[in-house]
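See structure below.
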Amino acid sequence: MKKRHLVPAVAAGLVLATLAGLWLARLPLAGWALERQLAARGLAGSAEVVRLEPGGATLRDLELEGQRIERLVLDYRLGSLLGEGAIDSVRIEGARLAADLTAERPLGGLSALFEGEASEEAPPLSLPRLPPVELEDVEIALETARGPVRLALYGGLRAAEPDEGARRIALDLSTLEGPVDLAGRLQGLYRPGDGSGSAVTLALESRSGPPLSLAGELAIEAGAEGEGAPDGRQLEAGLELSGDAALLAELAALPASVLPESERPTAGSLAAGLSFAGPLAPLLDGEPTAWLLNPQGLDRLDLALYLDALDLPGRARGFSLDSGLNLAGAREAGGRGLRLEPTTLAADSLDRAWLAGLGLPSELAAALAAGGRLALSGDAAPPAVLRLAGAAPARLELDLLAALAPSAGGRAALSLEGALEAEGLWPATGG
């Protein structure tokens, strides 16, 4: 009788011992399973699993296609993880990431994770729900057309109560290596789903060397059709760049045929701004040109350019420009159009040999060599309007008064009023 009771007890002991062995061996087994899963997806990677519990996991020395993370901490609820793939929070420490922006696949083999099969009908933009993320000691090495750039990131995504699923973005950025020593912050609000209500701003400034600043903003708002209607979403964006003109010309990496190195500015500053607003659908459809040509495209476009006291070798000294363009509203009489803002050009002096090379008479070249000011303005309308839609054929309307005042004395004025039409420059889009 005692022997009959002994057999189940032994069996139960063996089962418990087996389960205990599996539990103790879960960490190396999890590391092995991770490598097998990555290999099945055609990716090379490995990691040491140092914690694996029903409420979280910790990976150390994670490597994936050349990307490295020293420590990755995941917190989750097991039921949500298995049922929905949901993770409660992520902490990344000691990451060393890399991308080659000059290559067709910037992330190398890792690009396969972001490449889907092409479809004739792309789905509307849908932003995934993201867990809170904390970044510490993260560096990104970039290969660019201007050489290597290395960035440091701190911060992350935090819950934006009481909005379920929304995240507050707060990232501090700085350059560790590159042509410019920059530091700044990316911050804003991230909303999953159709993205309505999402907004981010970026501000960067140079910490040393010539002055340079960059500011940008991007926002997605629900349109008249209401939140959740992809065709109703509106995109608003803006970008401002200012700084030392010589530095900006160097960073622009323009080909020598456009701006030879010998003709780059050696002094002065530049400021430029671009802002626009319009429906998101044309951009998602891969037809950004519709933003300009279609009356249902951009609601607003403003471009401003300001150059101050540029020295251009072999051309001019103290050259300045104040100008801009804006997009006329679709409901404006005569149709949609790009309008030139009143513009001013000035120079302290112009190179006489360069002026003579333009074919100007010697007397005029001598007068202009001392510098002067040119103003372009309109009477009752902008100096020039290029009609983009609503009028066929294409039409350039002029109400231009050009006034030239050389520093050497005298004044010249030219007035142009009328229109120039050309057919077939772009397809008709309707009024």
* To do: Report yes if some residue within the stretch 251-258 is in contact (Cβ under 8 Å) with a residue 12 or more places away in the chain, under 25 Å from GLU341 (Cα atoms) and in contact with a strand residue (DSSP E or B) (Cβ under 9 Å, 6 or more places away or on another chain); otherwise report no.
  => no
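Every residue, every condition in (1) part of a strand (DSSP E or B); (2) at pLDDT 85 or above; (3) open to solvent by 50 Å² or more (accessible area, probe 1.4 Å); (4) not basic (Lys, Arg), yes or no:
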residue	(1), (2), (3), (4)
ALA346	yes, yes, no, yes
ALA375	yes, yes, no, yes
ASP379	no, no, yes, yes
PRO382	no, yes, no, yes
SER415	yes, yes, yes, yes
GLY424	no, no, yes, yes
* Asked: Within the stretch 262-282, is even one residue among the small types (Gly, Ala, Ser), out of contact with any Phe, Trp or Tyr (no Cβ under 8 Å at 6 or more places or on another chain), over 18 Å from ASP308 (Cβ atoms) and at pLDDT 85 or above?
  -> yes
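Take the residues in the stretch 251-267 that are of a type in the set (A, V, I, L, M) and more than 20 Å from ALA316 (Cβ to Cβ); name whichever of them is surrounded by the fewest Cβ atoms within 10 Å (Cβ to Cβ).
Among those that are of a type in the set (A, V, I, L, M) and more than 20 Å from ALA316 (Cβ to Cβ), it is ALA253.
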* Structure fact -> Taking the stretch 53-95 and keeping only residues that are in contact (Cβ under 8 Å) with a residue 24 or more places away in the chain, within 21 Å of ALA159 (Cβ to Cβ) and among the polar types (S, T, N, Q), one is left with SER89
* Taking ALA98 as the residue in question, decide whether it is more than 28 Å from the chain's Cα centre (by Cα), of a type in the set (A, V, I, L, M, F, W, C) and either buried (at least 17 other Cβ atoms within 10 Å of the Cβ) or within 17 Å of GLY155 (Cα to Cα) (or both). => no
* Structure fact -> In the stretch 333-378, anything more than 21 Å from SER262 (Cα to Cα) and of a type in the set (D, E, K, R) is listed as ARG336, ARG339, GLU341, GLU363, ARG373
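Of all residues in the stretch 283-315, which are hydrophobic (A, V, I, L, M, F, W, C) and modelled with pLDDT of 80 or more?
Correct list: LEU301, LEU303, ALA304, LEU305, LEU307, ALA309, LEU310, LEU312.
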* Structure fact -> Considering residues that are of a type in the set (Asp, Glu) and exposed (fewer than 15 other Cβ atoms within 10 Å of the Cβ), the number found within the stretch 348-373 is 1
* Evaluate the stretch 110-117: report whether one residue or more is under 24 Å from ASP61 (Cβ atoms), at pLDDT 90 or above and either of a type in the set (Val, Ile, Thr) or in contact with a strand residue (DSSP E or B) (Cβ under 7 Å, 6 or more places away or on another chain) (or both). => no
* Asked: Of all strands (runs of 3 or more DSSP E) completely enclosed by the stretch 179-284, which ones contain at least 2 residues that are among the hydroxyl-bearing types (Ser, Thr, Tyr)?
  -> 199-206, 267-279
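The values are calculated or read from the model by the stated rules, or taken from the named source; none is laboratory data. What you see is a predicted model, and the numbers here were worked out from it, not measured in a lab. Don't worry about glycine lacking a Cβ; one is built from the backbone with ideal geometry, like all the others, and counts go over all protein chains shown. Keep in mind that these areas ignore ligands, DNA and RNA; they rest on the heavy atoms of the full protein, side chains included. Shrake-Rupley method; radii C 1.70, N 1.55, O 1.52, S 1.80 Å.
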